[in-house]
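Some notes on the structure that comes next.
The values are calculated or read from the model by the stated rules, or taken from the named source; none is laboratory data. Only a predicted model underlies this, so the values are computations on that prediction, with no experimental measurement involved. When we count neighbours, we look across all protein chains shown, and the Cβ atoms used for this are built from the backbone with ideal geometry, even at glycine.
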Amino acid sequence: MRMHQKLALILAVLLVSTTACNEDFLERTPLDRGSVEGFYETEEDVTRALNGIYDVMQGSIWGGGFYWMHQNFDILTDNGVGCCPWEQQYTTIAKGEHNPTTGGIINTKWDFGYEGIFRVNSVLENIDNVDIETTTKNAMIAEARFLRGLFYQELVNLYGDVPLILSVTGREEGLQVSRAAKSEVLNAIYADLDFAEANLGDTPFNGDLGRPTKMSAVAVKTRLKMYNADYNGAIAEARKAMAFADANPNLLGLMDNYADVFNPDIENNREVMFDIQFTEGTQGEGNFMQVALAPGPEGAPGNGWGSITPLDGLANAFKMTDGMSIDESPLFDKDNPYMNRDPRMVGNLFVPGVSTWRGEVYDASLSGFSPFFAVRKWVDPDALIGENGCSCNETNLILFRYADILMYFAEAVNETAGPTDEVYAAINQIRARAGMPDVQAGLSQEEMRQMIREERHVEFAWEGTRYFDLIRWGIAADVIPQATLFGESRDARVFEAPKHNLWPIPQKEIDLNPNLSQNPGY
């Protein structure tokens, strides 16, 4: 039984006075100690409270969550365009038209992020009042602190300076908080994640899949240090994971086949370092991505919406099996353009004439809103799509995986020491797993930098990382406007740096609390 199904109704009543879709953290009256003292009485109560934190991460077609529509981050890049502005206003952001009142995902991330932090703080302030064996209690505290670090790392990536709230806050105090410097928030995140690493196990607590492990904390730290150009710090964290994988190959390492990483029949495999758990058949507990991404045709019963159109920027990034681009390789045949391509192409895209959907060879007539390609990753060809867009798919959303560690390690070492043997070894593991040849020897640091960026592009499509990669590499303004399909423009894009490197603080928060400042340019 997945742990998210264990959440009792009483917990929801105690933790949330109104639904997060209607009011945010600063608008609702937070828990005070008196309102929950009667709830935190046993170890089981604390476990239920921990489970309640995870509920913030999910979301269905009818309601949001912290990682709701996570795949849509890629429609802010050259990977794809979205069908519709009402899908959390991602298309508005892609066009550079977003502002403090835009709402959508800009509000959703803030609201659910602080709802999650609020729930974590409630657990941490009450757990010492419960009689729990010390090792178990430390593991519970570590899990809660991991989740707080996870929420905050996403918030600082999106908004920069944010309010740093590490205890349960009353309404009046909550309406007076100001933004803490990003450096201060980062220190708090690392403190939480260091504690989590020291006190979590090699496997999930109580054997519940979906709970974090030591390596989950290492994974979050590795990414966060890369996003803040702390290359030496990222190398140190990545080395921990690589050493653990060498010593525990059954617990951590690359899967032998790229597609298997995302196969719902073998979820929670050794490559997954942390993911969001979903279960099939129940509205609100299943994954909405199947409905949104699966091929159409539009409006046909039992099919998806194909609401993301993959673009040239992604399709052309998949090189030929000889490692050369489609413009250079003698293997490229313009009459059969998808033959002899990097196998990850069919792992990420439904490719016309190559892929199949519902027993038919895939072509444009099956692509829903998209005129040609459709998204393959996160789609289960065997899963049914429920009536009225039921979010009933069981595919978990992977947030951190071991391939990411190897790629961050290669990038960080290249940035600090150039293309050493370790850089080649790390990136070639990824390529070998995909069935691609080793990287050409003798590359310069700049040539290796470009190779690593190209490799990240094809390895992590639809996983929500490219947007942040483009920003941290300082090339978002050049790449994001390139929204073409077969050379024709599909969308008018604007990315203005440095303004758009961060999202605006939601205006509704500033209206409630004048101590909150706005990001530059908004």
Criterion violated by Leu254 - all others in (1) farther than 18 Å from Leu399 by Cβ; (2) within 19 Å of the chain's Cα centre (by Cα); (3) of a type in the set (A, V, I, L, M) satisfied: (1)
Count of residues meeting criterion [over 24 Å from Cys84 (Cβ atoms) and out of contact with any Phe, Trp or Tyr (no Cβ under 7 Å at 6 or more places or on another chain)] in segment 354-375: 3
Which numbered condition Ser122 misses (of (1) over 20 Å from Glu43 (Cβ atoms); (2) surrounded by 23 or more Cβ atoms within 10 Å (Cβ to Cβ); (3) among the polar types (S, T, N, Q)): (1)
Conditions (1) at pLDDT below 85; (2) surrounded by 14 or more Cβ atoms within 10 Å (Cβ to Cβ); (3) over 21 Å from Ala483 (Cβ atoms); (4) under 25 Å from the mean Cα position of the chain (by Cα); number of the one not met by Ser367: (3)
Every pair of residues 6+ apart whose Cβ atoms lie under 9 Å, when the first sits in segment 440-457 and is in contact (Cβ under 8 Å) with a residue 60 or more places away in the chain while the second is part of a helix (DSSP H, G or I): Gln440/Glu447; Gln440/Met451; His457/Gly313; His457/Leu314; His457/Arg466; His457/Asp469
Options Asn250, Asn268: the member that is part of a loop (DSSP other than H, G, I, E, B) and without any contact (Cβ under 8 Å) to a residue 60 or more places away in the chain: Asn250
Tally, over segment 152-182, of residues that are within 23 Å of the chain's Cα centre (by Cα) and either part of a helix (DSSP H, G or I) or at pLDDT below 95 (or both): 9
Out of Gly149, Gly210, sole residue that is assigned to a loop (DSSP other than H, G, I, E, B), buried (at least 20 other Cβ atoms within 10 Å of the Cβ) and under 19 Å from the mean Cα position of the chain (by Cα): Gly210
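Within segment 272-282, does at least one residue satisfy the condition of being more than 23 Å from Gly359 (Cβ to Cβ), part of a helix (DSSP H, G or I) and modelled with pLDDT of 85 or more? Write out each step before concluding.
First, pick out the residues of segment 272-282 that are more than 23 Å from Gly359 (Cβ to Cβ): 272-279, 282.
Narrowing further to those that are part of a helix (DSSP H, G or I): none.
No, segment 272-282 contains no residue that is more than 23 Å from Gly359 (Cβ to Cβ), part of a helix (DSSP H, G or I) and modelled with pLDDT of 85 or more.
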Near pairs, Cβ below 6 angstrom, 6+ apart or cross-chain, from segment 485-503 (touching a residue at least 12 places away in the same chain (Cβ under 8 Å) and within 12 Å of Tyr522 (Cβ to Cβ)) to any residue that is assigned to a loop (DSSP other than H, G, I, E, B) and polar (S, T, N, Q): Leu502/Asn519
Boolean, Arg472 is farther than 27 Å from Asp260 by Cα and in contact (Cβ under 8 Å) with a residue 60 or more places away in the chain: yes
Top-ranked residue in segment 320-364 [being small (Gly, Ala, Ser) and more than 23 Å from Glu459 (Cβ to Cβ); ranked as surrounded by the most Cβ atoms within 10 Å (Cβ to Cβ)]: Ala364
Selection from segment 329-350 of residues that are in contact with a strand residue (DSSP E or B) (Cβ under 8 Å, 6 or more places away or on another chain), in contact (Cβ under 8 Å) with a residue 24 or more places away in the chain and assigned to a loop (DSSP other than H, G, I, E, B): Asp342
Filtered residues of segment 303-328 (kept if without any contact (Cβ under 8 Å) to a residue 40 or more places away in the chain and not in a loop (DSSP other than H, G, I, E, B)): Met320
Given (1) among the hydrophobic types (A, V, I, L, M, F, W, C); (2) buried (at least 21 other Cβ atoms within 10 Å of the Cβ); (3) without any contact (Cβ under 8 Å) to a residue 12 or more places away in the chain, index of the condition Ala238 fails: (3)
Failed condition for Asp74, given (1) surrounded by 23 or more Cβ atoms within 10 Å (Cβ to Cβ); (2) of a type outside the set (S, T, N, Q); (3) part of a loop (DSSP other than H, G, I, E, B): (3)
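Looking only at segment 414-430, count every residue that is in contact (Cβ under 8 Å) with a residue 12 or more places away in the chain, under 18 Å from Glu237 (Cα atoms) and more than 24 Å from the chain's Cα centre (by Cα) and tell me the total. Quick ask: steps written out before the conclusion?
Of all residues in segment 414-430, those in contact (Cβ under 8 Å) with a residue 12 or more places away in the chain come to 414-416, 418-419, 422-424, 426-427, 429-430.
Retained after the next criterion (residues that are under 18 Å from Glu237 (Cα atoms)): 414-416, 422-423, 426-427.
Narrowing further to those that are more than 24 Å from the chain's Cα centre (by Cα): 414-416, 422-423.
Count: 5.
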Within segment 157-185, considering residues that are touching a residue at least 24 places away in the same chain (Cβ under 8 Å), hydroxyl-bearing (Ser, Thr, Tyr) and surrounded by fewer than 16 Cβ atoms within 10 Å (Cβ to Cβ), the one farthest from Phe66 (Cα to Cα): Ser178
Segment 77-108, subset of a type in the set (A, V, I, L, M, F, W, C) and either part of a helix (DSSP H, G or I) or at pLDDT 95 or above (or both), residue nearest to the chain's Cα centre (by Cα): Ile105
Answer residue from segment 412-466, given it is acidic (Asp, Glu) and in a helix (DSSP H, G or I) and is nearest to Leu397 (Cα to Cα) among those: Glu459
